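Visitor: My questions all concern the structure below.
The values are calculated or read from the model by the stated rules, or taken from the named source; none is laboratory data. Since the model is a prediction, treat every value here as computed from it, not as a measurement. Counting neighbours? That spans all protein chains shown, and the Cβs are built from the backbone with ideal geometry, glycine included. Remember, those area values only see protein heavy atoms, side chains included, never the ligands or the DNA or RNA. Shrake-Rupley method; radii C 1.70, N 1.55, O 1.52, S 1.80 Å.
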Amino acid sequence: MIRVTVWNENKHEQEIEEVKKIYPEGIHGCMKEFLSKEPDLDVRTATFYDAEHGLTEEVLSSTDVLVYWSHALQDEFSGEVAERIQRHVLSGMGLVALHSSHYSKILRLLMGTTMTLKWKHDESERLWCTSPLHPIAKGIPEVIDIPMEEMYGEPFDIPRPDDVVFTGWFSNGYVFRSGCTFTRGMGKIFYFQPGHEMNPTYHIPEIQKIIVNAVRYCSPDCIQRTLPQNVRIED
Ligand code: ZN
């Protein structure tokens, strides 16, 4: 079984009526529901408001893949917990980082760049699969039309990705590297742009399938999760 922890800020769902209607159980509840349909995934959730944001040493030690959505409370997120997540990713925990979490402490720590981009609300998006042989693209059509999304546009200040699995084209003409993979230490990372809280994007079956594929892709292959270390070779 792949042990998945879905982490969500869970602020907008409690404060904005439209978001509550789209995600009555929160974005984390929606994700738990569709991920739990997969027989190889064992899913639990945590939110910002839990003690230590629900991401204690114990939780992270028993997490194979962390799925992470954040937006409004990124400055308030504990630096200590962000560093704890970083350590777990470097030693093999997978990370699926969604939408506005590009600007979270954990993503900025792991990427080392500013993670800045252009943005605008309420455009439609054509999500093109630009790396069709990638495991995350398995069973995904060449193009997915998302009727309404927040536009994210280039330049997106990220380090060079391992693969750009999806590229978004928006109705105002902007393009974006919407689905990128990275490797840090022993850990695999997938950043995925769709998922603005005011739009029902995570109810779209193809988007759900991409997240399921990403969880499987990012799960650690290594039997023992361990930080890379300096090793002295004897003469
Ligand atoms: Zn957004």
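Visitor: Need one number: nm distance between label points at TYR49 and LYS120, each 7 Å from Cα along Cα→Cβ, rounded to one decimal.
Guide: In this crude label model, TYR49 to LYS120 measures out at 3.5 nm.
Visitor: In whole percent, and with a 1.4 Å probe on the protein chains, what portion of the accessible area of the chain is carbon and sulfur?
Guide: Result for the chain: 52 percent of the exposed heavy-atom area is carbon or sulfur.
Visitor: Report, in deg cm²/dmol and to the nearest 500, the calculated mean residue ellipticity at 222 nm for the chain, where each DSSP H run with n ≥ 4 adds -39500 (n - 2.57) and the sum is divided by the residue count.
Guide: Mean residue ellipticity at 222 nm (helix-derived): -6500 deg cm²/dmol.
Visitor: Of the chain, which part is the longest with no GluC sites (Glu not before Pro) in a loop (DSSP not H, G, I, E, B) and with at most 14 other C-beta atoms within 10 angstrom?
Guide: 143-233
Visitor: If you average 1/r over all unlike Cα pairs in segment 136-235 and invert the result, what Kirkwood radius do you get in angstrom?
Guide: For segment 136-235, inverting the mean 1/r across all distinct Cα pairs yields 15.6 Å.
Visitor: Now for a separate question. Scattering from the C-alpha atoms of the chain alone, worked out with Debye: what is log10 I(q)/I(0) at q = 0.11, 0.15, 0.18 1/Å?
Guide: Log-scaled intensity ratios, in q order: -0.52, -1.00, -1.51.
Visitor: What's the local net charge at ILE144, with K and R +1, D and E -1, over the other residues with C-beta under 13 Å away?
Guide: Local net charge: -3.
Visitor: Whole angstrom only: what separates the Cα centroid of segment 1-63 from the Cα centroid of segment 150-211?
Guide: 19 Å
Visitor: A further question on this structure: Only sites in a loop by DSSP and with at most 16 other Cβ atoms within 10 Å count here; which trypsin sites (Lys or Arg not before Pro) in segment 105-200 make the cut?
Guide: Filter output for segment 105-200: LYS138.
Visitor: Could you quote the convex hull projected area for segment 22-68, Cα atoms only and averaged over all directions, in nm²?
Guide: Average of the hull's projected areas for segment 22-68 equals 3.7 nm².
Visitor: Here's a follow-up. Taking the Cα of ASP162, stepping 7 Å toward and past its beta carbon, and measuring to each backbone N in segment 171-193: which are under 12 Å?
Guide: Residues 180-191 fall inside that zone.
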